[in-house]
Amino acid sequence: MAWEGKVSRYLYIVTLVIAGEMVFGLPFHVARFFRPTLLEVFFAPIAGRILDATPGVGGFMNLFKLLAAIAVLGVILVAWLLRLKRNKSSAEPV
């Protein structure tokens, strides 16, 4: 019975170390596994032009407005697609 406590303690420590390594390694793995998407390819030049056109805080405000607009459009698109899916699934007989 005494060995169960030691195994449990070592298992806890090993699990904690593995979880820590995974968290700290995440930025490196994300960049490696997920290649740049179409949005990243076209967004960097757009963001650069916005920041160059209005230097300072104003440029960042304009950039954040663009990001907020993209987020709102994404939410609207998801809601629309869910509505289409719900309407299509209710129209089909089971």
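The values are calculated or read from the model by the stated rules, or taken from the named source; none is laboratory data. None of the values given here were measured: they were computed from a predicted structure. Quick reminder, even Gly has a Cβ in these numbers, built from the backbone with ideal geometry, and neighbours come from all protein chains shown.
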**Message:** Looking only at the range 21-54, count every residue that is of a type in the set (Asp, Glu) and at pLDDT 85 or above and tell me the total.
**Reply:** 1
**Asked** Can VAL57 be described as surrounded by fewer than 10 Cβ atoms within 10 Å (Cβ to Cβ), of a type in the set (A, V, I, L, M) and modelled with pLDDT of 85 or more?
**Response** yes
